[in-house]
Each structure stands twice: as C-alpha cells, then as structure tokens.
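K.L.:
The structure under discussion is supplied below as structure tokens; questions concerning it will follow.
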Amino acid sequence: MRAIQIERFGDPAQVLRVVDIEEPPPPGPHEVLLSVEVSPLNKHDLLVVTGMLARPPLPHIPGAEGVARVLAIGAEVDGLQVGDLVVLPLYAGAWRERLVVPADGLFALPAGGDIEQYSMLGSNPPAAGLMLSECTRLQPGDWVVQNAANSGVGRSLIALAKLRGLKTINLARDEATFAELTEAGADVVHVDDPDAVGDVRAVIGDARVALAVEAVGGPVVGRLLELLSDGGWLVSYSWARDEPMWVDTSALVGKHLTVRGFFVGDFDYRDKVVPVIREAAPLVADGALVVPVAGVYPLDHIQDAVQHLLRGGKILLNVAGR
C-alpha cells in the first residue's frame, strides 16, 4: 500500500516521499483496521518533518489527524461496525492508506456529515476546547479574545465557546471573513489593527475578559494584553510571524497576568482530547462548525500540497484517492 514517509528530518521538499509499505496485520483484540480517507496537511506536520516540533523514530510516516473508515474489527471491540467513519487518534501517522489502531477512544461519527470537515476534528477542535477549559476557570457569559480568528482553531473556538455559553472577541487580518465568523457565532469581530482595543471596549464596556488565545506572535500580542482583565490568562498555541511574542512587563505585572504555551499533544488523549472531539462532532455534522478548504490533493501530489499550504489556506490529502 502507499504511504508518505521520511527517512531523515529536513526540508519537506527534500525528505517527503511516497513509498510502498507492507499491509498492516489483521486487527488483534481491542484493535480495528482502518482505511484512511482524508487527512489534513497542517503546519505542525511540517514542523515534525523538519524535526523542529518532535523527532520520532525514523523512518516515520507523518500525519497528525484524519478521518478513516472501519474495515475490520478485532475481538472484544464494542460500539463500532465495519463501515463506520471514525476520527483517527492524534499522531497515528495518517498519511498511509491503511493502519491498525487501538479501538479505545474511537466512536462512530454522525451519519451524513461532510467527510472533509470530519477530517479536521482531531486537532483544531480539541486544541480550542482544551484552551477554553484547561487554562483558567471560565463561567458562562465570560469573554474570550483571540487573534487568528479565521484559522481552524479560531473557528473551532467560536463554535465551542458558543456551545458552552461563552462570548468571543475575534481579531482577524481583514474584513473578508467577518460575515462567516459572525454567522458561525462570533459575538464581536474586528480587524487586528491599532483601533481594535478601543473599539472592542466601546462594545463590551468593562466586561471581564478572562482569556486571550494567541497564534500570531510579534507586537500585535499587545492588543490581547490590553483587552485582558486583571488576573487574565494569555495562552499561545502557534506563531504566524517569525519573531518572538512581545509581552509588556508592565501589563504582565500590573494586571497580574499569566502567560503559557499550549500543545494539544501534551494532553491525555482518551480522557481529555476525545471528549472534546465528541462535543465538536455534532457541530460539524450540523454545519455549525465549518472550516473552508483551500485545496485537496492526492498522496502523489504531496509536494504541490506543501507549496499550497505555505501560500496559505487549509489543505487536505485525499488519502483514499476517491
């Protein structure tokens, strides 16, 4: 069967290769055999390929997330049937046609949902959901501010925050996506510009902003710090700029702020990540959580897919070739 593999870490253009590998064995007890259907190509996948994010044993098959169909079920597996669509476990190595994984944590996705949207359930919604629950205690009605609001994590945060009774302030690069974000449930949307702080506060007054979610880096982080209330938390999960995040010491000390980094792979998959996937799956099935897709590529066109990702947009790999 086909897979995308690296034998050394480095430039994705040099090290990513489509190869033939052996078929997986039949599933054992508590295991299932899956056919991978669609897997996103994320920037953190490329960080693994370069060796910057993690250095798994080589040779390595990348692919942090995806959606797959159950082909066979091992003994002592309950709740799944052949033909069910499931979310792959995080970092299972999704860029291959078939694989065997433990059944623990897998569940059948709602019938009739968009398979491309389902493929993005494994990483971004858990990241958004866990940042809302694991950083500081939030109560219904609290405000959360984020930049990169049009990203997959940003859209997931909007949908999950709305489901949980939270309100969101969403900063984006331009106005092109404002209507989509508002329709998705965003309470306040504003261009990420110098007027954002004053304009947002004019709308929300002195309401408490307890959490800021950051994915850009550089000096624009200062706007999030200004909007945070006393005792607030700033959590950073990514960086769009190739420069450090600017955190003003006077704001940090004067407002008693806490700053932390976040990586969804640090959390227990079964007990922390899977419950958020279960929470988000009906939102995807109903169309309440939609991430626009910029391109879909077969495995054989992995280099074209990488170049498209670097230009911008959400990119998917059609692993099954259908």
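The values are calculated or read from the model by the stated rules, or taken from the named source; none is laboratory data. It should be emphasised that the depicted structure is a prediction, and the values quoted were computed from it without experimental measurement. Virtual Cβ from ideal backbone geometry, glycine too; neighbours counted across all protein chains shown. SASA here: full protein model, heavy atoms, side chains in, ligands and nucleic acids out. Shrake-Rupley method; radii C 1.70, N 1.55, O 1.52, S 1.80 Å.
K.L.:
Of the residues L160, L166, L138, which single one is within 29 Å of A94 (Cβ to Cβ) and out of contact with any Cys (no Cβ under 8 Å at 6 or more places or on another chain)? Show your work before the answer.
P.N.:
On the way: L166 fails: within 29 Å of A94 (Cβ to Cβ); L138 fails: within 29 Å of A94 (Cβ to Cβ).
Every option except L160 fails the conditions.
K.L.:
Out of all the residues in the range 9-61, which are at positive phi and touching an Asp or Glu at 6+ places or on another chain (Cβ under 9 Å)? I'd like the intermediate steps shown before the answer.
P.N.:
Of the residues in the range 9-61, the ones at positive phi are 10, 30, 51.
H30, the sole residue that qualifies.
K.L.:
Suppose we filter the range 1-55 for residues that are among the hydroxyl-bearing types (S, T, Y), touching a Leu at 6+ places or on another chain (Cβ under 9 Å) and surrounded by fewer than 21 Cβ atoms within 10 Å (Cβ to Cβ); how many remain?
P.N.:
Residues of the range 1-55 that are among the hydroxyl-bearing types (S, T, Y), as a first pass: 35, 39, 50.
Keeping just the survivors that are touching a Leu at 6+ places or on another chain (Cβ under 9 Å) gives 35, 39.
Within this subset, residues satisfying the condition of being surrounded by fewer than 21 Cβ atoms within 10 Å (Cβ to Cβ) are 35.
Of the residues in that region, 1 qualify.
K.L.:
Take L234 and tell me if it is more than 30 Å from G66 (Cβ to Cβ), open to solvent by less than 20 Å² (accessible area, probe 1.4 Å) and in a helix (DSSP H, G or I).
P.N.:
Considered against the rule, which asks whether it is more than 30 Å from G66 (Cβ to Cβ), open to solvent by less than 20 Å² (accessible area, probe 1.4 Å) and in a helix (DSSP H, G or I), L234 comes out as no.
K.L.:
Here's a follow-up. Would it be correct to say that T168 is open to solvent by less than 40 Å² (accessible area, probe 1.4 Å) and among the polar types (S, T, N, Q)? Break it down stepwise before answering.
P.N.:
On the way: open to solvent by less than 40 Å² (accessible area, probe 1.4 Å): yes; among the polar types (S, T, N, Q): yes.
When the stated conditions are applied, T168 passes them.
K.L.:
Report the residue count in the range 65-79 for those that are without any contact (Cβ under 8 Å) to a residue 40 or more places away in the chain, out of contact with any Gly (no Cβ under 9 Å at 6 or more places or on another chain) and open to solvent by 10 Å² or more (accessible area, probe 1.4 Å).
P.N.:
Total satisfying the criteria: 2.
K.L.:
Looking at the range 216-230 only, could you name the residues that are open to solvent by 30 Å² or more (accessible area, probe 1.4 Å) and either within 22 Å of D206 (Cβ to Cβ) or touching a residue at least 40 places away in the same chain (Cβ under 8 Å) (or both)?
P.N.:
The initial filter retains those residues of the range 216-230 that are open to solvent by 30 Å² or more (accessible area, probe 1.4 Å), namely 219, 223, 226, 230.
R223, E226, D230, listed by residue number.
K.L.:
Can you list residue pairs whose Cβ atoms sit under 9 Å apart, with the first residue in the range 164-191 being in contact (Cβ under 8 Å) with a residue 24 or more places away in the chain and small (G, A, S) and the second being open to solvent by 80 Å² or more (accessible area, probe 1.4 Å) and in a loop (DSSP other than H, G, I, E, B)? Count only pairs 6 or more apart in sequence or on different chains.
P.N.:
Final answer for the pair search is G165/Q139; G165/P140.
K.L.:
In this structure, does Y297 turn out to be closer than 23 Å to G113 by Cβ, modelled with pLDDT of 95 or more and aromatic (F, W, Y)? Give the steps one after another, and end with the answer.
P.N.:
On the way: closer than 23 Å to G113 by Cβ: yes; modelled with pLDDT of 95 or more: yes; aromatic (F, W, Y): yes.
Answer is yes for this residue.
K.L.:
Let me ask something else. For the range 247-262, name all the residues that are surrounded by 13 or more Cβ atoms within 10 Å (Cβ to Cβ) and part of a loop (DSSP other than H, G, I, E, B).
P.N.:
V247, D248, K255, L257, F262
K.L.:
Please go through the range 6-46 and give me each residue that is touching a Pro at 6+ places or on another chain (Cβ under 7 Å), over 16 Å from I315 (Cα atoms) and without any contact (Cβ under 8 Å) to a residue 60 or more places away in the chain, ordered by number. Outline the logic, then answer.
P.N.:
First pass over the range 6-46, keeping only residues touching a Pro at 6+ places or on another chain (Cβ under 7 Å): 6-7, 30-31, 33, 45-46.
Retained after the next criterion (residues that are over 16 Å from I315 (Cα atoms)): 6-7, 30-31, 33.
Result: I6, E7.
K.L.:
Taking the criterion of being open to solvent by 60 Å² or more (accessible area, probe 1.4 Å) and either without any contact (Cβ under 8 Å) to a residue 24 or more places away in the chain or out of contact with any Ser or Thr (no Cβ under 8 Å at 6 or more places or on another chain) (or both), would at least one residue in the range 144-152 satisfy it?
P.N.:
Here is the first cut: in the range 144-152, the residues open to solvent by 60 Å² or more (accessible area, probe 1.4 Å) are 150.
When the remaining residues are screened for being either without any contact (Cβ under 8 Å) to a residue 24 or more places away in the chain or out of contact with any Ser or Thr (no Cβ under 8 Å at 6 or more places or on another chain) (or both), the result is none.
No.
K.L.:
Tell me which strands (runs of 3 or more DSSP E) are completely within the range 152-230 and hold 2 or more residues being among the polar types (S, T, N, Q), or say none if there are none. Don't jump to the end; show me each part of the working.
P.N.:
Working: elements: 167-172, 188-191, 209-214.
Ranges flagged: 167-172.
K.L.:
While we're here: Out of everything in the range 89-136 that is open to solvent by 30 Å² or more (accessible area, probe 1.4 Å) and at positive phi, what residue ends up being nearest to the chain's Cα centre (by Cα)?
P.N.:
By that ranking, first place goes to Y91.
K.L.:
Can you report the number of residues in the range 188-232 which are within 15 Å of W143 (Cα to Cα), among the charged types (D, E, K, R) and within 23 Å of the chain's Cα centre (by Cα)?
P.N.:
Residues that pass the stated criteria total 1.
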